[in-house]
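Only one structure is covered here, and it is reproduced in the block below.
The values are calculated or read from the model by the stated rules, or taken from the named source; none is laboratory data. Computed from a predicted structure; not experimentally measured. When we count neighbours, we look across all protein chains shown, and the Cβ atoms used for this are built from the backbone with ideal geometry, even at glycine.
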Amino acid sequence: MKILVCISHVPDTTSKINFIDNNTKLDVNGVQFIIGPYDDYALARAIEIKEANAGTTVTVLNVGPADTEPTIRKALAIGADDAVRINAEPSDSFFVASQIAAYAKDKNFDLILMGRESIDFNGGVVHSMVGELLGITSLSPVMKLELEGNKAKLAREIEGGKEYVEANLPLVLGCQEPIAEWKIPNMRGIMSARTKPLQVIEAITVNTGVSLKAFELPPAKGAVKMIAADNVAELVNLLKNEAKVL
Amino acid sequence: MNTLVFIEVAEGKAKKTSLEAVSYAKALNGQVTALVLGTADAQTVLQIGKAGADKVLHAPDEKLNQGSIQAYASSILQAMQTEGTKTLVLANTSLGTPIAAKVAAKLQASIATNVTELPDTSAGFVVKKSIYTGKAFSKIELKNDYKVIAIKKNAATIEDNGTDVTATLFSPQLTDADFAVKIVSTEKASGEISLPEANVVVSGGRGMKGPEHWQPIEELAKALGAATGCSKPVSDMGWRPHHEHVGQTGVKVSPQLYFAIGISGAIQHLAGVNSSKCIVVINKDAEAPFFKAADYGIVGDAFDVLPKLIDAVKASK
Ligand SMILES: Cc1cc2nc3c(=O)[nH]c(=O)nc-3n(C[C@H](O)[C@H](O)[C@H](O)COP(=O)(O)OP(=O)(O)OC[C@H]3O[C@@H](n4cnc5c(N)ncnc54)[C@H](O)[C@@H]3O)c2cc1C
Ligand SMILES: Nc1ncnc2c1ncn2[C@@H]1O[C@H](COP(=O)(O)O)[C@@H](O)[C@H]1O
């Protein structure tokens, strides 16, 4: 079985988000970058499948500039066999999807696993676009993936519940918990990751239909109004008459 | 700009965010055609007209009652073609978002998901979308003729001054490939208020100490007509179902009113709630970080405050 895991390189979930250059660029000062948390679930499930099925290979892919390589090495340390970096700024989701599809087109992956969404752009669309571009079935967000030969049994999260579905490989899936437990690289993994192959390929040209005008931060929150614990009637009153939300 | 709006139907009724999508499309100043797939009643069609649709296409095929993403995407593409519409507006949901992506990839359309406001068309067509999991926004221009816009809840206000419309029968040509994904069963909390759509949400965290203490959370939710939510550890420990988990890695909510009870206010939890209009925090620790993100706060033990709050809410009705 051949599995491709696509990972994004994103600010750690605790990062404060600020912009520079007239609100057109993320301020990376002090920001730590990680494998997207949902992509980490995809990777973990891929490694589990590899461990359970001899002969399975896991390739990780990132569309990004050279500074994403430490993040890619981390995925290798977690257990992927080899890696690909498509050398380009991941400017928008269709651009990224087109790069992934162009790479995967003639490689016959049985599974292309991604996160349900990146935590920077939150598009939640790259997997479905890749599926469409390759003409193979895509599903997201997937919270359970079991394989029976060529068939996959999946649970997909829907508003207020779950949908159990079956589909044949090949598949493109956007993953989320509890599909697997996040894996932490061990010492052996970290050592071996240094020598695992990381291929850099150039990006294809894509005409994207969107352009960034500006980033914006949400308006600052006003001060909190504290209410005494024995005066909850006042809270209800304020919610009704001041905030007008009841 | 003529627009097609995909209407999500649950138990024969149009979803609220889909009606918002209709009113969003109406604000684009062109003909609005709504597409309804699967069983839906005449009342629903009227409601869609009131929200601003000039025309409602309805494919009452029972095969379309289940949310089959590929079949829906194919039907939408066909409707856009027959109607000659180049813009698609739909709700940003577990069904809407993958459909949006497929349609956009097929048409090489400009796409924006998580859109929070009506577009600014003073120079180009610029939409505002939520990014960095609610920590920021971006304004992006959709440059192509074909546009796909997936809107978040509250991106537009539902209008009710539209006209009465009756459904026009629509029969998309679908193949087996459109139903390649077999939906075996769905497990849905029925009767409950759906968390992503709720106007009021009552969430409990680890401070609630155990699943056996959720009764007051549920009672408060009931009194307020609210949905219940929780923090990640609470669902990780199995105290509450996974679909109630709110935050960065869970459901993102944007209700009018969010109650956080016994939740510390970790940045990952805040990411899922910071587009709420009003936040109330109840925590026994006056230093809990959540108070910084709150509009109203009570320092106190949840087990003391909740019963009083339930009474006060009931008394105010
Ligand atoms: C990558 C990543 C993603 C994450 N995603 C999410 C996410 O999506 N959603 C999420 O929620 N978390 C998420 N987390 C976890 C997050 O960091 C916090 O650990 C979590 O939100 C804490 O949950 P809590 O507030 O319920 O528990 P705690 O931090 O243990 O807080 C419990 C609170 O209850 C208060 N309390 C205790 N007893 C009482 C009482 N009797 N009455 C009133 N108050 C009381 C305490 O003062 C405390 O503030 C994520 C973490 C990571 C690393
Ligand atoms: N630059 C990238 N390189 C590789 N994979 C990516 C990249 N950006 C997004 N993805 C994958 O696509 C998924 C969905 O991303 P998005 O549509 O941006 O929310 C992510 O969870 C990743 O698995």
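Here are a few things to note about the model shown:
- Close pairs from segment B:179-194: first at negative phi and at the interface with chain A (Cβ under 7 Å from one of its Cβ atoms), partner modelled with pLDDT under 80 and surrounded by 15 or more Cβ atoms within 10 Å (Cβ to Cβ), Cβ under 8 Å, at least 6 apart: B:188/A:160; B:189/A:160; B:192/A:160; B:194/A:160
- Top-ranked residue in segment A:84-135 [being at positive phi and within 10 Å of ligand 2 (Cβ to nearest atom); ranked as surrounded by the fewest Cβ atoms within 10 Å (Cβ to Cβ)]: A:122
- Segment B:285-317 - residue that is among the β-branched types (Val, Ile, Thr) and in a helix (DSSP H, G or I) and, of those, farthest from the other protein chains (Cβ to nearest Cβ): B:310
- Sole residue being more than 7 Å from chain B (Cβ to nearest Cβ), in contact with a Phe, Trp or Tyr (Cβ under 6 Å, 6 or more places away or on another chain) and modelled with pLDDT of 95 or more, chosen from A:174, A:131, A:135, A:115: A:115
- Residue count for segment A:112-126 satisfying the condition of being within 16 Å of ligand 1 (Cβ to nearest atom) and β-branched (Val, Ile, Thr): 1.
- Out of B:252, B:209, sole residue that is basic (Lys, Arg), within 12 Å of ligand 1 (Cβ to nearest atom) and closer than 17 Å to residue B:307 by Cα: B:209
- Lone qualifier among A:241, A:207, A:237 - being surrounded by 15 or more Cβ atoms within 10 Å (Cβ to Cβ) and of a type in the set (S, T, N, Q): A:237
- Only one of B:286, B:260, B:315, B:302 that is more than 16 Å from ligand 2 (Cβ to nearest atom), among the aliphatic types (A, V, I, L, M) and either more than 19 Å from residue B:207 (Cβ to Cβ) or out of contact with any strand residue (DSSP E or B) (no Cβ under 8 Å at 6 or more places or on another chain) (or both): B:315
- Any hit, segment B:223-237, residues being modelled with pLDDT of 95 or more and within 8 Å of chain A (Cβ to nearest Cβ): yes
- Check on residue B:265, within 12 Å of ligand 1 (Cβ to nearest atom) and without any contact (Cβ under 8 Å) to a residue 60 or more places away in the chain: yes
- Taking the criterion of being without any contact (Cβ under 8 Å) to a residue 40 or more places away in the chain, within 17 Å of residue A:73 (Cβ to Cβ) and surrounded by 14 or more Cβ atoms within 10 Å (Cβ to Cβ), the only residue of segment A:1-33 that qualifies is A:33.
- Among the residues of segment A:11-25, just one is more than 9 Å from chain B (Cβ to nearest Cβ) and within 13 Å of the chain's Cα centre (by Cα), namely A:12.
- Residue within segment B:261-284 that is facing chain A (nearest Cβ under 10 Å), closer than 21 Å to residue A:230 by Cβ and outside any strand (DSSP E or B) present: yes
- All told, residue B:24 falls short of being buried (at least 24 other Cβ atoms within 10 Å of the Cβ) and closer than 28 Å to residue A:172 by Cα.
- Scanning segment B:269-283 for residues that are more than 15 Å from the chain's Cα centre (by Cα) and within 16 Å of ligand 2 (Cβ to nearest atom) yields a total of 1.
- Residues that are within 16 Å of ligand 2 (Cβ to nearest atom), out of contact with any Gly (no Cβ under 7 Å at 6 or more places or on another chain) and facing chain A (nearest Cβ under 8 Å) do occur in segment B:241-253, at least one of them.
- Tally of residues being surrounded by fewer than 21 Cβ atoms within 10 Å (Cβ to Cβ), closer than 23 Å to residue B:195 by Cβ and at pLDDT 95 or above across segment B:269-288: 1
- Residue satisfying condition, being in contact with a Lys or Arg (Cβ under 9 Å, 6 or more places away or on another chain) and within 12 Å of chain A (Cβ to nearest Cβ), within set B:148, B:165, B:127, B:89: B:127
- Among the residues listed as A:241, A:231, the single one being more than 10 Å from chain B (Cβ to nearest Cβ) and closer than 30 Å to residue B:300 by Cα: A:241
- The single condition from (1) surrounded by fewer than 23 Cβ atoms within 10 Å (Cβ to Cβ); (2) within 13 Å of another protein chain (Cβ to nearest Cβ); (3) among the aliphatic types (A, V, I, L, M); (4) over 19 Å from the mean Cα position of the chain (by Cα) that residue B:10 fails is (4).
- Members of segment B:53-72 found to be buried (at least 21 other Cβ atoms within 10 Å of the Cβ) and more than 19 Å from the chain's Cα centre (by Cα), listed by number: B:53, B:56, B:57, B:58, B:59, B:64, B:70, B:71
- Subset of segment A:166-221 (residues that are in a loop (DSSP other than H, G, I, E, B), charged (D, E, K, R) and free of Cβ contacts under 8 Å to residues at least 60 places away in the same chain): A:221
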